[in-house]
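**Student:** Quick one: the structure is below, questions incoming.
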Amino acid sequence: MSSKPIYKRVLLKASGEALMGSQGFGIDVAVADRIASDIARARSMGVEVGVVVGGGNIFRGVAVASKGGDRVTGDHMGMLGTVINALALATSLRKLDVDTVVLSAIAMPEICESFSQRGALHHLSQGRVVIFAGGTGNPFFTTDSAAALRAAEIGAEAIFKGTQVDGIYSADPKKDPSATRFDKLTHSEVLDKGLAVMDVAAVALARENAIPIIVFSIHEAGGFCDILSGAGLMTIVTDH
């Protein structure tokens with residue numbers, strides 16, 4: 001384990017489902033507090049952290065389209081869900097005295113700042129945790145794509161994808177006990193094998209910008225910082 005973090009600047013992708021915890025809907029404050037604690041520890045290691053949050057615990061835009069509704073409207077509703085989650089996570093971080101700012105791809109100045117690359121880079125350089133809300137600001141794009149886009153825009157050295165399991169498997173290990181776990185893959189292998197860790201657009205964007213994707217269990221307390229220190233259980237997707 002290294003005394004210095006492996007990465008100086010990273011983008012953490014946390015799903016809405018992660019914030020939901022064991023609840024059927026909404027935000028489990030205890031889970032948000034624990035994730036915030038891990039982020040705070042990473043900051044104390046000298047790591048600059050950007051965060052993209054999903055909104056699936058509040059609303060999924062594709063659910064509207066699947067029932068004959070308008071996909072664009074549904075996606076806009078989902079984007080608002082990510083803002084709710086971003087504000088919740090920011091609250092948990094501020095309880096720990098971590099200077100945090102929420103930047104939204106959808107302008108809502110009474111609630112949070114609007115996203116700009118220049119603003120994001122400024123806040124990171126000032127030592128703040130930056131939470132990116134509102135996805136990409138466009139319908140038809142997932143928050144995974146938003147994570148890859150924001151990672152590229154801020155020059156992140158890695159994307160940390162927090163999931164329900166401790167890496168990438170050949171199948172869902174909760175449903176298939178014989179699923180094979182991978183320690184390392186290339187971006188192309190993830191795409192060719194159709195491994196459902198991030199959507200195709202997100203993986204392709206990360207590949208084009210040579211950004212490794214590190215998949216780990218967001219439910220493992222301290223797991224984020226363990227990996228930053230060179231330990232911990234994960235799958236790394238990299239072409240290097």
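**Student:** Scan the stretch 108-124 and give yes if some residue there is within 15 Å of the chain's Cα centre (by Cα) and in a helix (DSSP H, G or I), otherwise no.
**Tutor:** Keep residues of the stretch 108-124 that are within 15 Å of the chain's Cα centre (by Cα), which gives none.
No - not one qualifying residue is present in the stretch 108-124.
**Student:** Here is a further query. State yes or no: is Arg150 open to solvent by 60 Å² or more (accessible area, probe 1.4 Å) and in a helix (DSSP H, G or I)? Break it down stepwise before answering.
**Tutor:** Working: open to solvent by 60 Å² or more (accessible area, probe 1.4 Å): no; in a helix (DSSP H, G or I): yes.
Considered against the rule, which asks whether it is open to solvent by 60 Å² or more (accessible area, probe 1.4 Å) and in a helix (DSSP H, G or I), Arg150 comes out as no.
**Student:** Do we have Met77 as of a type outside the set (Ser, Thr, Tyr), part of a loop (DSSP other than H, G, I, E, B) and surrounded by 13 or more Cβ atoms within 10 Å (Cβ to Cβ) here? Working first, answer last.
**Tutor:** Numbers: of a type outside the set (Ser, Thr, Tyr): yes; part of a loop (DSSP other than H, G, I, E, B): no; surrounded by 13 or more Cβ atoms within 10 Å (Cβ to Cβ): yes.
So Met77 does not fit the description; no.
**Student:** Please go through the stretch 90-100 and pick out each residue that is surrounded by fewer than 19 Cβ atoms within 10 Å (Cβ to Cβ) and not in a loop (DSSP other than H, G, I, E, B).
**Tutor:** Residues of the stretch 90-100 that are surrounded by fewer than 19 Cβ atoms within 10 Å (Cβ to Cβ), as a first pass: 91, 94-97, 99.
Matches in the stretch 90-100: Thr91, Arg94, Lys95.
**Student:** From the set of residues in the stretch 190-237 that are among the acidic types (Asp, Glu) and modelled with pLDDT of 95 or more, which is farthest from Ala151 (Cα to Cα)? Walk me through it before giving the result.
**Tutor:** Of the residues in the stretch 190-237, the ones among the acidic types (Asp, Glu) are 192, 199, 208, 220, 226.
If we keep only those that are modelled with pLDDT of 95 or more too, we end up with 208, 226.
Working: Glu208: 12, Asp226: 21 Å.
By that ranking, first place goes to Asp226.
**Student:** How many residues, within the stretch 125-146, are under 30 Å from Ala65 (Cβ atoms), in a loop (DSSP other than H, G, I, E, B) and of a type in the set (Gly, Ala, Ser)?
**Tutor:** Qualifying residue count for the region: 3.
**Student:** Of all residues in the stretch 220-240 being part of a loop (DSSP other than H, G, I, E, B) and among the hydrophobic types (A, V, I, L, M, F, W, C), which is most open to solvent (accessible area, probe 1.4 Å)? Full working, then the answer.
**Tutor:** Of the stretch 220-240, the ones part of a loop (DSSP other than H, G, I, E, B) are 220-222, 229-234, 238-240.
Now drop any that are not among the hydrophobic types (A, V, I, L, M, F, W, C), which leaves 221, 231, 233-234.
Numbers: Ala221: 66, Ala231: 30, Leu233: 102, Met234: 56 Å².
So the residue we want is Leu233.
**Student:** Restricting the stretch 187-219 to residues that are buried (at least 18 other Cβ atoms within 10 Å of the Cβ) and part of a loop (DSSP other than H, G, I, E, B), which is nearest to the chain's Cα centre (by Cα)? Write out each step before concluding.
**Tutor:** We begin by selecting, within the stretch 187-219, every residue buried (at least 18 other Cβ atoms within 10 Å of the Cβ); these are 187, 190, 195, 197-198, 202-203, 205-207, 211-218.
Among the residues that remain, those that are also part of a loop (DSSP other than H, G, I, E, B) are: 195, 197, 211-212, 218.
Values: Leu195: 18, Val197: 12, Ile211: 14, Pro212: 13, Ile218: 10 Å.
Within the stretch 187-219, the match that is nearest to the chain's Cα centre (by Cα) is Ile218.
**Student:** Consider Gly167 carefully, then state whether it is buried (at least 19 other Cβ atoms within 10 Å of the Cβ), touching an Asp or Glu at 6+ places or on another chain (Cβ under 8 Å) and closer than 17 Å to Ala18 by Cβ.
**Tutor:** Numbers: buried (at least 19 other Cβ atoms within 10 Å of the Cβ): yes; touching an Asp or Glu at 6+ places or on another chain (Cβ under 8 Å): yes; closer than 17 Å to Ala18 by Cβ: yes.
Criteria met by Gly167.
**Student:** Sticking with this one: Taking the residues in the stretch 50-62 that are part of a loop (DSSP other than H, G, I, E, B) and small (Gly, Ala, Ser) as candidates, determine which candidate is farthest from Phe25 (Cα to Cα). Break it down stepwise before answering.
**Tutor:** Step one: of the stretch 50-62, the residues part of a loop (DSSP other than H, G, I, E, B) are 54-60.
Now drop any that are not small (Gly, Ala, Ser), which leaves 54-56.
Values: Gly54: 13, Gly55: 11, Gly56: 9 Å.
Per the stated criteria, the residue is Gly54.
**Student:** Could you look through the stretch 1-49, keep only residues that are of a type in the set (Val, Ile, Thr) and part of a helix (DSSP H, G or I), and pick out the one that is nearest to Ala152 (Cα to Cα)? Write out each step before concluding.
**Tutor:** Of all residues in the stretch 1-49, those of a type in the set (Val, Ile, Thr) come to 6, 10, 27, 29, 31, 35, 39, 47, 49.
Filter once more, keeping what is part of a helix (DSSP H, G or I): 29, 31, 35, 39.
Details: Val29: 30, Val31: 28, Ile35: 23, Ile39: 20 Å.
Per the criteria, the residue is Ile39.
**Student:** Oh, and also: Take the residues in the stretch 60-74 that are farther than 19 Å from Asn85 by Cα, free of Cβ contacts under 8 Å to residues at least 12 places away in the same chain and of a type outside the set (S, T, N, Q), then tell me which one is most open to solvent (accessible area, probe 1.4 Å).
**Tutor:** Lys67
The values are calculated or read from the model by the stated rules, or taken from the named source; none is laboratory data. None of the values given here were measured: they were computed from a predicted structure. With ideal geometry, Cβ positions are generated from the backbone for all residues, glycine too; neighbour counts draw on all protein chains shown. Please note that ligands, DNA and RNA were not included when accessible areas were found on the heavy atoms of the full protein model with its side chains. Shrake-Rupley method; radii C 1.70, N 1.55, O 1.52, S 1.80 Å.
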